[in-house]
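Before any comments, here is the structure.
The values are calculated or read from the model by the stated rules, or taken from the named source; none is laboratory data. What you are looking at is a predicted structure, and each value in this text was computed from that prediction instead of being measured. Using ideal geometry, Cβ is built from the backbone for each residue, glycine included, and neighbour counts are taken over all protein chains shown.
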Amino acid sequence: LNLVRERAHKKDRAAMPTASKMPASLPGNLTRLVREEMRSKLADFVRTLPEVQQEVLRLRYVEDLSRLEIAEVLDLPEPLVKSRLFEGMKTLREFAERIESGGE
């Protein structure tokens, strides 16, 4: 019985790729998957922000509008747009740091 376990254990270890035997594309694929997962978590988190912050973040970083353009679209003073962008990005950065440290 121990011989069977020992053989199975050796077989399992042999099947595990070592760093030198890993396909070159594996680290790139893992990095891509981690980035996609983080983007997904951030997108989910953005939906929890106040709607006014969501809107200015979307207009700035998805639609690529300037603060002045956002102010015109939303009929808001530019300093208020700047403030909402700042607060939204600060909140997103804090959330991203928690994700990276394994807190989420």
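Any residue in the stretch 31-50 that is under 13 Å from E100 (Cα atoms) and among the basic types (K, R) sitting within a Cβ distance under 9 Å of a residue that is surrounded by 10 or more Cβ atoms within 10 Å (Cβ to Cβ) and at pLDDT 80 or above? List the pairs, counting only those 6 or more apart or interchain.
K41/F95; K41/A96
Which count do you get for residues in the stretch 52-104 that are outside any loop (DSSP other than H, G, I, E, B), under 25 Å from S40 (Cα atoms) and among the acidic types (D, E)?
Within the stretch 52-104, residues that are outside any loop (DSSP other than H, G, I, E, B), under 25 Å from S40 (Cα atoms) and among the acidic types (D, E) number 5.
Residues that are hydroxyl-bearing (S, T, Y), surrounded by 14 or more Cβ atoms within 10 Å (Cβ to Cβ) and in contact (Cβ under 8 Å) with a residue 40 or more places away in the chain: does the stretch 84-94 have at least one? Explain how you work it out, then say what you get.
Looking only at the stretch 84-94, we keep the residues that are hydroxyl-bearing (S, T, Y), and these are 91.
From the residues that got through so far, the ones that are surrounded by 14 or more Cβ atoms within 10 Å (Cβ to Cβ) too are 91.
Then drop every residue that is not in contact (Cβ under 8 Å) with a residue 40 or more places away in the chain, which leaves 91.
Yes, some residue in the stretch 84-94 is hydroxyl-bearing (S, T, Y), surrounded by 14 or more Cβ atoms within 10 Å (Cβ to Cβ) and in contact (Cβ under 8 Å) with a residue 40 or more places away in the chain.
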